[in-house]
Amino acid sequence: MKFANITWEGRPAVAVARPDGTLAVLPETVAGMTVRATDDVIAAWDLLRRPIADALDGSLPTVAADRATFAPAVRRPPKIFCIGLNYRKHAEETGSPIPEYPVVFSKYHNTLAAHRETVPLPEESRQVDYEAELAIVMGRPARRVSEADALGYVFGYTPANDVSARDLQFRSGQWLLGKSCDKFAPVGPFVVTADEVGNPNALEIQLRLNGEVRQASNTADMIFSCAQIIAYLSKFWTLEPGDLILTGTPSGVIQGFPPDRRVWLKPGDVAVVSIEKLGELETRFQ
Ligand code: ZN
């Protein structure tokens, strides 16, 4: 199934994509459980899976996807992890060594943004960049899970844009500042359940800027696979339902251009992250 957070008649609601391109809006209560956000669905998926499928067979209000008001695909992820330099060509284009271990950093909730939401360019930066990324949405608590079992703890996957202010990112040794400005993590529009995705490391991933293809790769090119990333992170943290893990970006970011050819994001630019089986995440910068 494909789940989205939307605003429906003034309230937060969960919608499910139908094959005809419309969204079915779930009622606030399903099988006696509150369902106002994908977070609620993720937390009680084993109990809600069947009742939600039953509800979809009935008559639910619908809205056209292109007219829906989306919210971030997960509203309150307990943690937001990011993996840096996880595609060989991207590491090379930034002049960074190929990492021996996953490069782990984080973002906060203030960074979340929705599909078609406008992201403000910070006044303090002149070098804002895009990064198309596959994001893992965790489904069950995971602590010290094996690589072989890791994907069994995943709820689903969603497109993400790891927006990065390069001048702030490299102002000091810590990337946090340049990665965590308000709305620097658009995610969505849908969390697609793991059963519909299959192997998360066999997906075409692309970013278009104002219609021009800038990044085009496949998640098969990751240095550390989704399973390896989950197994690695779970050695140090208990991964929780709703945790987001952005798995790194392929080559083609603005930072990777020769210095005299870098044209940083400017007001009016539109970036679209497109991932096979997951859909397209559109972000306008202002
Ligand atoms: Zn990134």
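The values are calculated or read from the model by the stated rules, or taken from the named source; none is laboratory data. Computed from a predicted model, the values in this text were never measured in an experiment. Ideal geometry is used to build each Cβ from the backbone, glycine not excepted, and the neighbour counts take in all protein chains shown. Side chains included, ligands, DNA and RNA excluded: accessible areas come from the protein's heavy atoms. Shrake-Rupley method; radii C 1.70, N 1.55, O 1.52, S 1.80 Å.
Okay, residues lined up against (1) open to solvent by less than 10 Å² (accessible area, probe 1.4 Å); (2) assigned to a helix (DSSP H, G or I); (3) over 25 Å from PHE190 (Cβ atoms); (4) outside the structural domain of ASP260 (by TED's automatic domain parsing):
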| site | (1), (2), (3), (4) |
| --- | --- |
| VAL137 | yes, no, no, no |
| ARG140 | no, no, no, no |
| ARG144 | no, no, yes, no |
| GLY152 | no, yes, no, no |
For residues that are buried (at least 23 other Cβ atoms within 10 Å of the Cβ) and either closer than 20 Å to GLY198 by Cα or more than 16 Å from the ligand (Cβ to nearest atom) (or both), tally how many sit in segment 250-267. 0
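Out of PRO97, PRO122, report the one residue that is within 21 Å of SER217 (Cβ to Cβ) and away from the ligand (no atom under 16 Å from the Cβ). Don't jump to the end; show me each part of the working.
Numbers: PRO122 fails: within 21 Å of SER217 (Cβ to Cβ).
When all the criteria are applied, what remains is PRO97.
Considering only segment 174-192, state which residues are of a type in the set (Val, Ile, Thr) and either more than 15 Å from the ligand (Cβ to nearest atom) or farther than 17 Å from PHE105 by Cβ (or both). Break it down into steps so the answer makes sense when it comes.
If we filter segment 174-192 for residues that are of a type in the set (Val, Ile, Thr), which is where we start, we get 187, 191-192.
Once the filter is applied, which keeps residues that are of a type in the set (Val, Ile, Thr) and either more than 15 Å from the ligand (Cβ to nearest atom) or farther than 17 Å from PHE105 by Cβ (or both), segment 174-192 yields VAL191, VAL192.
Of the residues TYR130, TYR153, TYR157, which single one is touching a Gly at 6+ places or on another chain (Cβ under 7 Å) and among the aromatic types (Phe, Trp, Tyr)? Let's see the steps before the verdict.
Values: TYR130 fails: touching a Gly at 6+ places or on another chain (Cβ under 7 Å); TYR157 fails: touching a Gly at 6+ places or on another chain (Cβ under 7 Å).
Step by step, each of TYR130, TYR153, TYR157 is checked, and only TYR153 is touching a Gly at 6+ places or on another chain (Cβ under 7 Å) and among the aromatic types (Phe, Trp, Tyr).
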